[in-house]
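Okay, so here's the structure we're looking at.
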């Protein structure tokens, strides 16, 4: 075999192997990055609602000691909705669901959150949870219709373009005093 034939054979074999690795990486499902960020930023007393900047929204039951969470849409092009699915408290065996004793308490909720938008939420200490407990929020989120779909829904007064199902859940960082 001449040098040229050996060279072509080596380049072809290397290209074939690289192609196999590329195809295998495309077939293997990866974990998509979260689209929503929920970050505990600190505790505050007697918080008031502000329109910003920075914007601070108050959740139901947020009086006295409140945890501040920064909720941000991390996508570049998607509108999102989100709602608090549960509160979880830290135990010796891991995280367990906690049901607040007062039904008027709520965590963060939002809809039509544009790409890159973020806001602080003041969340009251969950009623019935000891003040020395560590806890976090579980938020469900999903994609809203595009800008055109939202505009058509608003102008028509009907919901032709529905919000999607919950795509995923995200946990906030841990809250403790």
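Among 35, 155, 165, determine the one that fluctuates most according to a GNM of the chain built with springs between C-alpha atoms less than 10 Å apart. In this elastic network of the chain, the residue with the biggest mean-square fluctuation among 35, 155, 165 is 155.
Determine, from the Cβ-Cβ distance of residue 97 and residue 21 and an R0 of 45 Å, the FRET efficiency 1/(1 + (r/R0)^6), rounded to the nearest 0.05. Can you show the working numbers first?
Details: r = 43 Å, r/R0 = 0.94.
The pair residue 97/residue 21 has a calculated efficiency of 0.60.
With a Förster radius of 22 Å applied to the C-beta separation of residue 133 and residue 39, the computed FRET efficiency comes to 0.70.
Please grab the % of Cα pairs in segment 28-131 that end up more than 17 Å from each other. Value for segment 28-131 (Cα pairs over 17 Å): 58 percent.
By the count of other C-beta atoms within 10 Å, a proxy for reagent exposure, 7, 117, 141, 79 are ordered fewest to most as 7, 117, 79, 141.
The mean sequence separation of alpha-carbon pairs under 8 Å and at least six residues apart, normalised by the residue count of segment 36-171, gives a relative contact order of 28 percent.
For residue 31 and residue 83, FRET efficiency with R0 = 25 Å and r from the beta-carbon atoms, rounded to 0.05? So, using R0 = 25 Å, E works out to roughly 0.65. A full extension of the chain between residue 160 and residue 109 corresponds to an added length of 16.1 nm, given 0.36 nm per residue minus the alpha carbon distance. Ordered by the number of other Cβ atoms lying within 10 Å of each residue's own Cβ, fewest first, 43, 51 fall into the sequence 51, 43.
In µm²/s, what is D for the chain at 25 °C and 0.890 mPa s, where D = kT/(6 pi eta Rh) by Stokes-Einstein and Rh is the Kirkwood radius from Cα pairs? Stokes-Einstein gives a translational diffusion coefficient of 126 µm²/s.
Each helix, a run of at least 4 DSSP H residues, gives -39500 (n - 2.57); summed and divided by the residues of the chain, these come to -6500 deg cm²/dmol at 222 nm.
Read-outs: derived from the displayed coordinates by stated rules, not from any lab. This structure is a prediction, so every number in the text was calculated from the model and none was measured. All Cβ positions, even for glycine, are placed from backbone atoms using ideal geometry, and neighbour counts span all protein chains on display.
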